[in-house]
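First up is the structure itself, then whatever we jot down about it.
The values are calculated or read from the model by the stated rules, or taken from the named source; none is laboratory data. Keep in mind that what you see is a predicted model, and the values were worked out from it rather than measured. Positions of Cβ are backbone-derived with ideal geometry, glycine not excepted, and every protein chain shown enters the neighbour counts.
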């Protein structure tokens, strides 16, 4: 079932196969939360953000297994967005100093229409839940294993918590604002609903921009 789901995800996702895409002028960076925003929202102390990255990720090419679950462990995954008419993407990675605290990956992807954005959420509900209980082996530069919990859906946001071999607990969340899909992956020792909270704030930023 998990292997065959790769075909479902590929058919309903979209993107540009890991190639950089330019963010529209004045646009996507305002959707993402700053380090100051994250400290205020999550109660972290001195979290720091790296440079924004205007590119999709590609866990499938990196060899993450099983293939049908690659979209559960990374934001802005190219396999997920393959057929959604994506025109721009922006990702910001932040972490507390020392590598022991909370880390936050945020992504916003502009897709072909609000209908396509909603379809991606519907697919995430199915594909993430099928992967629940599965051990995901992440390859590439960030080798790790993940064991995924069942999916939760609240106020239009799809989320899934997991146990991570290096970071303890993580929560991946996805929502939509018009034709923009927003995702957050928050990891740390005691993660509960932080991913959902970040996505909610990103949606509010998108709606006000």
Suppose we filter 115, 75 for residues that are more than 18 Å from residue 144 (Cβ to Cβ), out of contact with any helix residue (DSSP H, G or I) (no Cβ under 6 Å at 6 or more places or on another chain) and at pLDDT 95 or above; which single one remains?
115
Listed residues 117, 89; which is closer than 19 Å to residue 62 by Cβ and in contact with a strand residue (DSSP E or B) (Cβ under 9 Å, 6 or more places away or on another chain)?
89
Checked segment 52-95 for anything part of a loop (DSSP other than H, G, I, E, B), farther than 17 Å from residue 134 by Cβ and touching a residue at least 60 places away in the same chain (Cβ under 8 Å); matches are 75, 76, 78, 81, 83, 84, 85, 86, 87
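Which of the following residues is free of Cβ contacts under 8 Å to residues at least 40 places away in the same chain and within 27 Å of residue 61 (Cβ to Cβ): 204, 179, 166? Lay out the reasoning, then the answer.
Details: 204 fails: within 27 Å of residue 61 (Cβ to Cβ); 179 fails: free of Cβ contacts under 8 Å to residues at least 40 places away in the same chain.
None of the others qualify; the one that does is 166.
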Looking at segment 105-118 only, could you name the residues that are crowded, with 19+ Cβ neighbours inside 10 Å and either more than 16 Å from residue 203 (Cα to Cα) or without any contact (Cβ under 8 Å) to a residue 24 or more places away in the chain (or both)?
116
Taking the stated definitions as given, is residue 98 surrounded by fewer than 24 Cβ atoms within 10 Å (Cβ to Cβ), in a loop (DSSP other than H, G, I, E, B) and free of Cβ contacts under 8 Å to residues at least 12 places away in the same chain?
yes
Looking only at segment 167-187, count how many residues are assigned to a strand (DSSP E or B), buried (at least 17 other Cβ atoms within 10 Å of the Cβ) and either out of contact with any helix residue (DSSP H, G or I) (no Cβ under 8 Å at 6 or more places or on another chain) or on the phi > 0 side of the Ramachandran plot (or both).
2
Condition check: in contact with a helix residue (DSSP H, G or I) (Cβ under 7 Å, 6 or more places away or on another chain), closer than 19 Å to residue 164 by Cα and buried (at least 16 other Cβ atoms within 10 Å of the Cβ). Does residue 64 satisfy that?
yes
Members of segment 140-166 that are assigned to a loop (DSSP other than H, G, I, E, B) and under 19 Å from residue 103 (Cα atoms):
140, 141, 142, 143, 165, 166
Tabulated pairs, segment 130-156, first on the phi > 0 side of the Ramachandran plot and touching a residue at least 24 places away in the same chain (Cβ under 8 Å), second exposed (fewer than 15 other Cβ atoms within 10 Å of the Cβ) and assigned to a strand (DSSP E or B), C-beta under 6 angstrom, 6+ apart or interchain:
none
